[in-house]
Amino acid sequence: MKTDLTDTTASKINKALVQARRAIGTPAVGMVLTLVIVTDEENAYDALKSAGDAAHEHPSRTLVVIKRVSRSPRDRTQSRLDAEVRVGADAGTGETVVLRLYGEVAEHAQSVVLPLLLPDAPVVVWWPVNSPLDPAKDPLGALGQRRVTDTYACEKPVQELAARADAYTPGDTDLSWTRITPWRSMLAAALDQVACEVQGVEVEGEEFNPSCELLAMWLADRLDVPVRRARSSGPGLTAVRMDTDCGPIVLDRADGSLATLSIQGQPKRAVALKRRDTAELIAEELRRLDPDDTYASALRYGVGRLKSAKGAGEREGVPTPVESAAKAPASEAAAQAPVKKAAAK
């Protein structure tokens, strides 16, 4: 069931939700959390589709906040709130409210969202694109226990990681970190099979890929060994090579789907390591609502402390992403830049 409300208020939206639930015969509220998506019109459809797929695992009330840009000075002084309420088959297993804010009300989105939050339920705020530099200090971010951003959607993602480390607050997380969960699990399992000491690591992946940098920082932070970043043509992460006193351990994924795990003295094994879509990443983040201390520790390790190695297609004299991030001034690292459309890794 879908209901369109023009020039409305939060009170009228709540009444529309109650009436819609009664109309479809489900007056009870069975959602476990509120997911607030802050996006623009261009990326709203993809974000809402991903949230809808994740809602099959986590039934939630999804509030999509879209701040519309007024074209004329007169329109910018006039406030208006339009809403689209979806319940039942149109919203999957939860409820969806698409909020379009015009004029001055766009600067006070938290006052619109606050009355629509589920009572006594966790709140997760997600920025698919255009995330604030300090999510915890954002008016909408302050409403959430968890704040989800995606540095892959930034124009300068590696420099963005350095800025994120300075502004980190417990509850912050990044989909670029979520993308490497299978890699971290596989590498930890590989090290559990051998009684060897790791002496060095090389992480190979696409240029300017924040997931590669985060995996390298996690390995350097946990193993306390030198970690090099090598460049490849992708897609995404392509290989991790660990030098140990018992021989090399290599996890190689050249095609973005099937990886090969090689351990000295053992037969090679094929492991599924496919690139996951955004819906799977959001579903994983919604399973855990407490602060991620491991992410915080890896993020604070710092991109600039990694070493660079020559990778596929890299030319002499051309700075690597790690070198560029290390040399960039703090003001440039903190600058917000236009973003490209978010893509699943």
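Of Asp40, Asp255, which has the most accessible area with a 1.4 Å probe, and how do the rest follow in descending order?
Largest accessible area first, the residues go Asp255, Asp40.
Mind checking the full-extension length gain between Ala272 and Asp120? Use 0.36 nm per residue of separation minus the Cα-Cα distance, one decimal, nm. Please report the intermediate quantities before stating the final value.
Numbers: separation 152, 0.36 × 152 = 54.72 nm, distance 3.90 nm.
Extra length available between Ala272 and Asp120 comes to 50.8 nm.
Can you compute the FRET efficiency between Thr181 and Gln110 using 1/(1 + (r/R0)^6), with r the Cβ-Cβ distance and R0 = 22 Å? Round to the nearest 0.05.
Working: r = 31 Å, r/R0 = 1.40.
With R0 = 22 Å, the Cβ-Cβ based efficiency is 0.10.
Of Arg228, Arg300, which has the most accessible area and how do the rest follow, probe 1.4 Å?
Reading off the accessible areas and sorting them downward yields Arg300, Arg228.
Per residue, how big is the convex hull of the range 54-186 when only Cα atoms are used? Give it in Å³.
On the way: hull volume 19.5 nm³, N = 133.
So the per-residue hull volume is 147 Å³.
Would you kindly calculate the mean projected area, averaged across all directions, of the convex hull enclosing the Cα atoms of the range 213-302, in square nanometres?
7.2 nm²
Which pairs in the list Lys2/Lys274; Lys12/Lys156; Lys2/Lys67; Lys137/Lys274 are over 31 Å apart, alpha-carbon to alpha-carbon?
On the way: Lys2/Lys274 36 Å; Lys12/Lys156 41 Å; Lys2/Lys67 21 Å; Lys137/Lys274 35 Å.
Cα-Cα > 31 Å for Lys2/Lys274; Lys12/Lys156; Lys137/Lys274; rest within.
Pull out the extension gain between Thr260 and Asn14, defined as 0.36 nm times the separation in residues minus the alpha carbon to alpha carbon distance; nm, one decimal.
83.4 nm
Starting from the 7 Å offset along Cα-to-Cβ, what nm value, one decimal, do you get for the label separation of Cys196 and Asp245?
1.3 nm
Over the Cα atoms of the range 125-261, each weighted equally, I'd like the Debye log10 I(q)/I(0) at q = 0.15, 0.16, 0.17 Å⁻¹, rounded to two decimals.
Cα-only, vacuum Debye calculation for the range 125-261: -0.76, -0.84, -0.92.
The values are calculated or read from the model by the stated rules, or taken from the named source; none is laboratory data. Since the structure is predicted, the reported quantities are computational estimates derived from the model, not experimental observations. For neighbour counting, all protein chains shown are included, and Cβ atoms are generated from backbone atoms with ideal geometry for every residue, glycine included. For accessibility, only protein heavy atoms count, side chains too; no ligands or nucleic acids. Shrake-Rupley method; radii C 1.70, N 1.55, O 1.52, S 1.80 Å.
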